[in-house]
Amino acid sequence: MVQQGPPPPRSGRPPASGRPRRGWSDGDYADDDEEYPPWAAPGVAPRWADHDDRERRRLGGRPARTAEKAGAGDRSRPPVPENKPGRGGRERMAAASGRRARRAAYIWGGAFVAVLLIAAGVGYEYLHRPSPPPALDPLVTTFQPGEFKTVPNACSAVAAATLNQYLPGQRRVVTPKSLYGSAQSLCDWTLDAKPVYRVLQVTVRAYPPSGLASGNGSATFAAKDAYQQASLQRTHPPKATHLPRATVSPVPGLGNSAFAALQVPSAGGDTTNLLTVVVRDRNVLITVISQGPARPRGGYARVSPAQLQAAAVAGARDIVARMR
């Protein structure tokens, strides 16, 4: 049996005389020509766990240049050649640059169009917004210059010449009581002498300022509202009156505004022409009703609507003149 001794040195050199080899030593294999075991890959050297400390001691305290620090691993890899694009690469790069430019143009163009649309919408809303309602006039609570607090006496305001022309003969006069004091006056005349039958009724009223009136609530606006209501009552009479709808026509040149309304009601076999003239003069409303038979009956002669309207207009004109 052959006795085995320590393994031969890796470099093939005999150990130094006088000192037996006990094991691996950093100083024995410090040269660059040392051989590595077959399992060591190129560029990878076996290392002790305290390899760096051993290197510092061997080099007298100088920092060890390890394979990583010295770039030993880099020496085992060939340098990577610089990738310079060829003609095809330049064309691809140019195409990509063009796409990026077009994409940026689309983005900025879309943003510009959006800004234009927003500006157009804001401008449209500004130009087409509804104008604010006009400021309301302050409420008027007192009579204004030219308005009337009182009215003349209706019975004396209609001239005797007018009465003698349209109601000739012995007339009966009735003075109904006013509901508004001196701001209203009423008077009725009746002529019943066959073959003539006539009735003339006059109402004069001055309207005061009212918070319920239209406009600024002045007395004139209150009279305007009453004038409109009088016209509506003739064209759409309440059912309780049993009156037919009236035919309404304007009367020019009388007060601030005037109209005439003709109604022909029938009751108990009698048909009557009922002619109403309504005049507004500032804040005063004048209502004159003239009526007579619409056809001969019981010894009474017919009275035409034209005759009745002439009598009503004449009476209203007398009252307007009295107020001046």
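The values are calculated or read from the model by the stated rules, or taken from the named source; none is laboratory data. None of the values given here were measured: they were computed from a predicted structure. Neighbour counts are summed over all protein chains in view; Cβ atoms, including those assigned to glycine, are modelled from backbone coordinates with ideal geometry. These accessible areas exclude ligands, DNA and RNA; they are computed on the full protein's heavy atoms, side chains included. Shrake-Rupley method; radii C 1.70, N 1.55, O 1.52, S 1.80 Å.
General observations
Here is a yes/no grid of residues against (1) in contact with a Leu (Cβ under 8 Å, 6 or more places away or on another chain); (2) at pLDDT below 95; (3) under 24 Å from SER218 (Cβ atoms):
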residue	(1), (2), (3)
ARG245	no, no, no
LEU254	no, no, yes
ALA258	no, no, yes
ALA261	yes, no, no
VAL264	yes, no, no
ALA267	no, yes, no
THR272	no, no, no
VAL279	yes, no, yes
VAL284	no, no, yes
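- Residue match in region 184-194 (condition: open to solvent by 40 Å² or more (accessible area, probe 1.4 Å), at pLDDT 95 or above and more than 20 Å from ALA311 (Cα to Cα)): no
For every residue, the table says whether it meets (1) under 19 Å from HIS242 (Cα atoms); (2) acidic (Asp, Glu).
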| position | (1), (2) |
| --- | --- |
| PRO265 | yes, no |
| LEU275 | yes, no |
| ASP281 | no, yes |
| ILE289 | yes, no |
| PRO296 | no, no |
| ALA301 | no, no |
| ALA311 | no, no |
| ALA316 | no, no |
| ILE319 | no, no |
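- In the condition set (1) open to solvent by 60 Å² or more (accessible area, probe 1.4 Å); (2) without any contact (Cβ under 8 Å) to a residue 60 or more places away in the chain; (3) out of contact with any strand residue (DSSP E or B) (no Cβ under 9 Å at 6 or more places or on another chain), LYS149 is compliant with all but (3).
- Restricting region 122-139 to residues that are under 18 Å from GLY215 (Cα atoms) and surrounded by 10 or more Cβ atoms within 10 Å (Cβ to Cβ), the residue that is modelled with the lowest pLDDT: ASP137
- Qualifying residue in region 277-293 (condition: surrounded by fewer than 17 Cβ atoms within 10 Å (Cβ to Cβ) and farther than 15 Å from SER257 by Cβ): no
- Residue in region 257-270 that is farther than 18 Å from ALA157 by Cα and among the charged types (D, E, K, R) present: yes
- Qualifying residue in region 215-232 (condition: in contact (Cβ under 8 Å) with a residue 24 or more places away in the chain, among the β-branched types (Val, Ile, Thr) and open to solvent by less than 30 Å² (accessible area, probe 1.4 Å)): no
- Applying the set (1) open to solvent by 40 Å² or more (accessible area, probe 1.4 Å); (2) touching a Leu at 6+ places or on another chain (Cβ under 6 Å); (3) not polar (S, T, N, Q) to ARG297 leaves exactly one unmet item: (2).
- Test for ALA157: is it at pLDDT 95 or above and at negative phi: yes
- Near pairs, Cβ below 6 angstrom, 6+ apart or cross-chain, from region 197-210 (surrounded by fewer than 23 Cβ atoms within 10 Å (Cβ to Cβ) and outside any strand (DSSP E or B)) to any residue that is at pLDDT below 95 and of a type in the set (S, T, N, Q): PRO209/THR141
- Single residue of region 246-276 satisfying the filter (within 43 Å of the chain's Cα centre (by Cα) and of a type outside the set (Gly, Ala, Ser)) that is surrounded by the fewest Cβ atoms within 10 Å (Cβ to Cβ): PRO250
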